[in-house]
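The block underneath contains the structure these notes are about, expressed in structure tokens.
The values are calculated or read from the model by the stated rules, or taken from the named source; none is laboratory data. The shown structure was predicted, so the numbers you read here are calculated from the model rather than taken from an experiment. No Cβ is skipped: glycine too gets one built from the backbone with ideal geometry, and neighbour counts run over all protein chains shown.
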């Protein structure tokens, strides 16, 4: 293993072992592909490397590996100091943008804990899991155009919801977050994609918040799936961590109780990921979900997404669904934490929440094991604001 001449410690969350990619507006107002190293970003576009993450995604596994090797050499070999230093910036000197063009967006429902927790709320006394949940990774096709970068304000949406027996139109009063992990597709092509070929198509991961208007969602999700209750905003981290940085994070998923179709059989692949997540409301940590508990793996989600022949495109984004657990300190959304508003969440400042208030900021962070310390997956934040439209 090598160390960087920039002096970033080997156990820094953004060490040379990490090197996530982003898109940044530099002080000269140019927009460049950058990588993060410690508290610095490196303008790799100006060093003869791909001009954008979109271009890198389309270059495929050989291009991904070659680019990462070239960046690592530039930042570890003292002979490159003079060439690289003019293209180094402090993180606070740049403005981060959405890192790639989102082609399509799909959101899954892959946590057994989340599905069961929600089922106990909405179907007390009944089977908490939908009858098809154990057979396939359930999901819905979202709106790519409403995916925004971390830090973008989130406008409280308007829509129709129930007030007693009547449907009324107005601002959502049950605005929620969902702690998720997104997977960024690099190489396109027709489906189906076998579970063993995840690394041929998925470039990396990005933290994701699937904002949800629970009242609008409840009114429209009969008989079809989520629509306006979800499509107003989905926030992603400004950093995409390549799968190449996650070698130490792969793990076995939880034991499966039910048989699955052959195209979902991933036995022997160690398809789980040991990602420790943390979510805070107004800087108060409210939960620490563990992605290693997810029942459906990233490879199974991709296989199910494409099994009908659906094609992939560079920039496709699919998300895990809410990452949750069985204990109060592991829940991934306010729906679960407050039992749909019945049991308000108390915050350390003395305030309480059933759902999000205007002005609230939600921050999701995560780390994974690395070869010499834990690596950070960046953060995804968003602050709630009210828009005056709709009366």
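Side notes on the structure shown:
- Among residues of the stretch 177-198 that are more than 25 Å from residue 260 (Cβ to Cβ) and outside the structural domain of residue 336 (by TED's automatic domain parsing), none has a beta-carbon under 8 Å from a residue that is at pLDDT below 95 and surrounded by fewer than 16 Cβ atoms within 10 Å (Cβ to Cβ) at least six positions away or on a different chain.
- Within the stretch 31-86, the set of residues being under 24 Å from the mean Cα position of the chain (by Cα), more than 25 Å from residue 312 (Cα to Cα) and loosely packed, with under 14 Cβ neighbours inside 10 Å comprises just one member, 39.
- Residue match in the stretch 352-367 (condition: in the same structural domain as residue 323 (by TED's automatic domain parsing), part of a strand (DSSP E or B) and more than 22 Å from the chain's Cα centre (by Cα)): yes
- Residue 378 in a strand (DSSP E or B), on the phi > 0 side of the Ramachandran plot, in contact (Cβ under 8 Å) with a residue 40 or more places away in the chain and surrounded by 15 or more Cβ atoms within 10 Å (Cβ to Cβ): yes
- Among the conditions (1) surrounded by fewer than 14 Cβ atoms within 10 Å (Cβ to Cβ); (2) farther than 19 Å from residue 109 by Cβ, the only one that residue 201 does not satisfy is (1).
- The residue that is nearest to residue 107 (Cα to Cα), among those in the stretch 175-190 that are part of a loop (DSSP other than H, G, I, E, B) and within 22 Å of the chain's Cα centre (by Cα), is 178.
- Residue in the stretch 142-158 that is over 24 Å from the mean Cα position of the chain (by Cα), under 18 Å from residue 230 (Cβ atoms) and touching a residue at least 12 places away in the same chain (Cβ under 8 Å) present: yes
- The residue that is nearest to residue 355 (Cα to Cα), among those in the stretch 159-174 that are touching a residue at least 40 places away in the same chain (Cβ under 8 Å) and not in a loop (DSSP other than H, G, I, E, B), is 171.
- Given (1) at negative phi; (2) free of Cβ contacts under 8 Å to residues at least 12 places away in the same chain, number of the condition residue 125 does not satisfy: (1)
- Qualifying residue in the stretch 301-308 (condition: part of a loop (DSSP other than H, G, I, E, B), free of Cβ contacts under 8 Å to residues at least 40 places away in the same chain and either surrounded by fewer than 16 Cβ atoms within 10 Å (Cβ to Cβ) or on the phi > 0 side of the Ramachandran plot (or both)): no
- Residues in the stretch 1-48 that are out of contact with any helix residue (DSSP H, G or I) (no Cβ under 7 Å at 6 or more places or on another chain), free of Cβ contacts under 8 Å to residues at least 40 places away in the same chain and in the same structural domain as residue 65 (by TED's automatic domain parsing): 28, 29, 30, 38, 45, 48.
- Restricting the stretch 323-340 to residues that are at pLDDT 95 or above and either not assigned by TED's automatic domain parsing to the domain that holds residue 113 or not in a loop (DSSP other than H, G, I, E, B) (or both), the residue that is surrounded by the most Cβ atoms within 10 Å (Cβ to Cβ) is 334.
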